[in-house]
Amino acid sequence: MERAYAPGMRDKDLYQKILGIEKPWQVRDVELDGGRGEVRVLLEHRGGRLTCPECGVPCPGYDTRPRRWRHLDTCQFRTILVARVPRVECPEHGVLQVRVPWGEPGSRFTALFEALVIDWLQEASIAAVARQLRLGWEEAAGIMSRAVERGLARREAKLPTRHGVDEVSFQKRHEYVTVVHDAQAGVVVHVADGRGRDCLDTFYESFSEEQRAAVESVTMDMWAAYIASAAEYIPGSETKVAFDKFHVAQHLSKAVDQVRREENKALLGEGDERLKGTKYLWLRHPDHFRNDRWMAFEPLRKSTLRTARAWALKTLAMELWRYRRRGWARKAWLRWYSWAIRSRLEPIKKVARMIKRHLEGILTAVVLGITNARAEGLNAKIQWIKATARGFRNRDRFRDAIYFHLGGLDLYPAGITQ
Ligand SMILES: [Zn+2]
């Protein structure tokens, strides 16, 4: 077995080895600053041919500049690489710093340190990673942001033949980002500010007519701006735009909740507390009830309460996704619509009218057998990102986090593989 270092090896040589420093670079000295808890590794360029970092052409040296990089800690000591880095004068690109093998241009961290931060950021919030690795919040967020830029630059942009579009609220209400995901690969392919038409237009415009014609389905909420964009850019969108169960269920859940809130208020006025504290019982899928909760819910569900009627209409609508034939599905939905519209429950009637206006798109989702797994999975992960992102100061950071966690990108600095 080869030993990593020989006994008696001096610290200079040890660092030379563990950092993988090769000619023309050399470790000149290693300093331990006990007071600051810091190890400083002083590196030196031993001369030789210099090349332009842009074009690789050999160039004359111009001057040197002092630089520092944070590296992986040595035991508990923060470890800093320090070097004077030569600059060259390229006839074509001007005066530029040469590339160093341990870090990417412009970074104040070595590639290995950035990779460590990237690994941790997959597991925990920016704030937690920054605290743990003794970084500033902005520094940790900057590493995430650069990782995303790298990943996006390496990615081959393609328009997924089956994709979904979602609006995601960001921090304050009424602020949104638009998120497009690949329904087959389950990765986010586009994030744009806002939820207007332009958010989707600019995405579609970046692809050729041929690529757009190859689209088979676009899953979305019943949202006019997205529908209009798909109508303009996706040929045959009338049979490709699909309003899936996930989004329809969200609208109906909101309506049930609204009925419950109004009814609860009225009942409490009469001293009736039947609906008090029942919010989540009505929102939950009955399959997910524990037995005792179901026992508590059962009499409520069977009651003559308005909320129970709203809940029954929602539950019925959720059954209508089992059809596979467009004609049968249409008949069933229209029957549901006539019940809903006679329910005398305003919030339900409102959703019912929206469903009727968008019925063909719902039927497309039914016959294409579009499942909710992707949309629900992505939604849950985005909720996690939002929950861990209380420190997000702006939308760009939120966008970065979505791409970072859900973009399926190659995030690591050059030369580092997972
Ligand atoms: Zn050059």
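The figures follow:
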quantity	calculated
Residues (of a type outside the set (S, T, N, Q) and in contact (Cβ under 8 Å) with a residue 12 or more places away in the chain) located in region 263-284	E263, R274, L275, K276, K279, L281, W282, L283
So A124, is it of a type outside the set (K, R), part of a loop (DSSP other than H, G, I, E, B) and away from the ligand (no atom under 16 Å from the Cβ)	yes
Residues being closer than 16 Å to S343 by Cβ and open to solvent by less than 60 Å² (accessible area, probe 1.4 Å) - total across region 292-307	3
Filter result for E44 (surrounded by fewer than 17 Cβ atoms within 10 Å (Cβ to Cβ) and without any contact (Cβ under 8 Å) to a residue 12 or more places away in the chain)	no
Residues of region 375-406 classified as open to solvent by 60 Å² or more (accessible area, probe 1.4 Å) and touching a His at 6+ places or on another chain (Cβ under 7 Å), total	1
Residues of region 248-281 satisfying the condition of being surrounded by 13 or more Cβ atoms within 10 Å (Cβ to Cβ) and farther than 18 Å from K349 by Cα	N264, L267, L268, D272, R274, L275, T278, K279, L281
Those strands (runs of 3 or more DSSP E) lying entirely in region 129-247 with at least 3 residues open to solvent by 30 Å² or more (accessible area, probe 1.4 Å)	162-169
Test set (1) in a strand (DSSP E or B); (2) within 16 Å of the ligand (Cβ to nearest atom); (3) surrounded by fewer than 18 Cβ atoms within 10 Å (Cβ to Cβ) - D29 fails condition number	(2)
V82 open to solvent by 10 Å² or more (accessible area, probe 1.4 Å), part of a strand (DSSP E or B), under 22 Å from R46 (Cβ atoms) and more than 16 Å from the ligand (Cβ to nearest atom)	yes
Selected residue (only one of L411, L406 is at pLDDT 85 or above and over 13 Å from the mean Cα position of the chain (by Cα))	L411
Among residues of region 266-295, those that are closer than 14 Å to W311 by Cβ, over 34 Å from the mean Cα position of the chain (by Cα) and assigned to a helix (DSSP H, G or I), counted	1
Subset tally (residues that are within 35 Å of the chain's Cα centre (by Cα) and either within 15 Å of E44 (Cα to Cα) or open to solvent by less than 50 Å² (accessible area, probe 1.4 Å) (or both)) for region 61-76	6
Looking only at region 91-121, and only at residues there that are free of Cβ contacts under 8 Å to residues at least 40 places away in the same chain and within 16 Å of the ligand (Cβ to nearest atom), the one that is most open to solvent (accessible area, probe 1.4 Å)	P91
Test: R309 is over 18 Å from A249 (Cα atoms) and in contact (Cβ under 8 Å) with a residue 12 or more places away in the chain	no
Hey, F109 within 23 Å of the chain's Cα centre (by Cα) and of a type in the set (F, W, Y) or not	no
Residues satisfying the stated conditions in region 335-353, i.e. open to solvent by less than 30 Å² (accessible area, probe 1.4 Å) and of a type outside the set (S, T, Y)	W336, A340, L345, P347, I348, V351, A352
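This table checks each residue for (1) in contact with a Gly (Cβ under 7 Å, 6 or more places away or on another chain); (2) within 16 Å of the ligand (Cβ to nearest atom); (3) more than 30 Å from H93 (Cβ to Cβ); (4) in contact (Cβ under 8 Å) with a residue 40 or more places away in the chain.
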residue	(1), (2), (3), (4)
D13	no, no, yes, no
Q16	no, no, yes, no
K23	no, no, no, no
G48	no, no, no, no
C59	no, yes, no, no
D63	no, no, no, no
R68	no, no, no, yes
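The values are calculated or read from the model by the stated rules, or taken from the named source; none is laboratory data. These numbers come from a predicted model, not from an experiment. Cβ coordinates were reconstructed from backbone atoms using ideal geometry, including for glycine residues, and neighbour counts include every protein chain displayed. When the accessible area is computed, the model is the full protein with side chains, heavy atoms only, and any ligands, DNA or RNA have been set aside. Shrake-Rupley method; radii C 1.70, N 1.55, O 1.52, S 1.80 Å.
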